[in-house]
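What follows is a set of notes on a single structure, which appears directly below.
The values are calculated or read from the model by the stated rules, or taken from the named source; none is laboratory data. In this text, all values refer to a predicted model and were calculated from it rather than measured experimentally. FYI the Cβ positions are ideal-geometry reconstructions off the backbone, even for glycines, and counts take in every protein chain you see. Surface accessibility is based on the protein's heavy atoms, side chains included, excluding ligands, DNA and RNA. Shrake-Rupley method; radii C 1.70, N 1.55, O 1.52, S 1.80 Å.
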Amino acid sequence: MKRLLRRLLSGSGPDPATPLRGVVFVSLDCEMTGLNPARDDLLAVGAVVLRGMRLDLSATFRGLLRPVCPVRPEGVPVHGILPGEAAHGDEAAEQLARLDAWLAGCAAVPGAGNGAAVPVVLLGWCLGLDEAFLAAGRKRAGLPARTHPRCDVLDLFRHVRARGGAAPSGQGTMPPSGASPAPSTHAALADIPLKDADLYAVARALGVDVHGAHDALGDACLCAQVFQRLVPLLERGLGRRAVWGDLTRAADAATCGARNGGGGFGL
């Protein structure tokens, strides 16, 4: 019931038959003072756009927010934001409103006239935690709730890892234009124990260079690159190009606890 409710709340999502290469994805990451949205606060937000499954480094968002709670010293080695830097951040209301405007711009279709837009799908690793902090930050700032369709890349990793790389019987192979990942890639993913499957371990297994871990924009870019490499693995298992409905089904199939992939979440 909760999964259905969240999907209904995200009514602006893509049609299930929409090819992934026709979806605008925004990979998003947050840095926080801790891990409890009721007690801790946002420090930084970073995001980057994927259009046609291609990373658009000309379309990025970076915001430093001034938290309402102190920056604990033990957290500094993780996020790298010193108390003095955080004190010079912007008000949460200002930065979150700027994020809203930026996301709206990502949805605009160039040359299609006023009001033309496509759904923006949020990407993230353990995305529910970022969403919870964004929702709490918006509530404290007096901003209205926002919903977006979403894809937790951790869910996609778990699904791809569980399925392996073989195409279903009778469904052929990927078309020549599709990337054909080596079987060793699946083996590398399978070698990662699920308890150790963080973004950085999965990125390395997929051959993505890891630089500047726990920088909001850097992690958003890293997550986008992991997504780019997981989709061909998903498509190899499907034996065809993936559509939006494949991502929602993959999220439903993954064992994700309380997270609900493919639905909406209040920002």
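Here are a few things to note about the model shown:
- With respect to the conditions (1) surrounded by fewer than 23 Cβ atoms within 10 Å (Cβ to Cβ); (2) within 19 Å of Val120 (Cα to Cα); (3) of a type outside the set (Lys, Arg), Ala251 lacks only one, and its number is (1).
- Residue list for the stretch 20-31, filter: open to solvent by 10 Å² or more (accessible area, probe 1.4 Å) and outside any strand (DSSP E or B): Arg21, Gly22
- Cβ-Cβ under 7 Å pairs, at least 6 apart or on other chains, the stretch 31-53 side more than 23 Å from Asp100 (Cβ to Cβ), far side among the basic types (Lys, Arg) and outside any strand (DSSP E or B): Gly34/Arg72; Gly52/Arg21; Met53/Arg21
- Some residue of the stretch 80-88 being loosely packed, with under 15 Cβ neighbours inside 10 Å, closer than 27 Å to Val226 by Cβ, out of contact with any His (no Cβ under 7 Å at 6 or more places or on another chain) and not aromatic (Phe, Trp, Tyr): no
- Test: residue in the stretch 159-167 that is within 16 Å of Arg229 (Cβ to Cβ), surrounded by fewer than 15 Cβ atoms within 10 Å (Cβ to Cβ) and modelled with pLDDT under 95: yes
- Tally of residues being in a helix (DSSP H, G or I) and open to solvent by 30 Å² or more (accessible area, probe 1.4 Å) across the stretch 224-243: 4
Conditions tested, residue by residue: (1) part of a helix (DSSP H, G or I); (2) at pLDDT 95 or above; (3) in contact with a strand residue (DSSP E or B) (Cβ under 9 Å, 6 or more places away or on another chain); (4) surrounded by 13 or more Cβ atoms within 10 Å (Cβ to Cβ).
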residue: Gly178; (1), (2), (3), (4): no, no, no, yes
residue: Pro181; (1), (2), (3), (4): no, no, no, yes
residue: His186; (1), (2), (3), (4): yes, no, no, yes
residue: Leu189; (1), (2), (3), (4): yes, no, no, yes
residue: Lys195; (1), (2), (3), (4): yes, no, no, no
residue: Val202; (1), (2), (3), (4): yes, yes, no, yes
residue: Asp209; (1), (2), (3), (4): no, no, no, no
residue: His214; (1), (2), (3), (4): no, no, yes, yes
residue: Leu222; (1), (2), (3), (4): yes, yes, yes, yes
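- Taking every residue in the stretch 62-73 that is within 12 Å of Glu85 (Cα to Cα) and exposed (fewer than 12 other Cβ atoms within 10 Å of the Cβ) and pairing it with any residue that is at pLDDT 90 or above and β-branched (Val, Ile, Thr), at least 6 positions away or on another chain, yields no pair with a Cβ-Cβ distance below 7 Å.
- Residue ranges of helices (runs of 4 or more DSSP H) in the stretch 32-128 with at least 3 members within 19 Å of the chain's Cα centre (by Cα) and either more than 21 Å from Ala145 (Cα to Cα) or modelled with pLDDT of 95 or more (or both): 92-107
- Leu154 open to solvent by less than 20 Å² (accessible area, probe 1.4 Å), within 30 Å of Val68 (Cβ to Cβ) and modelled with pLDDT of 90 or more: yes
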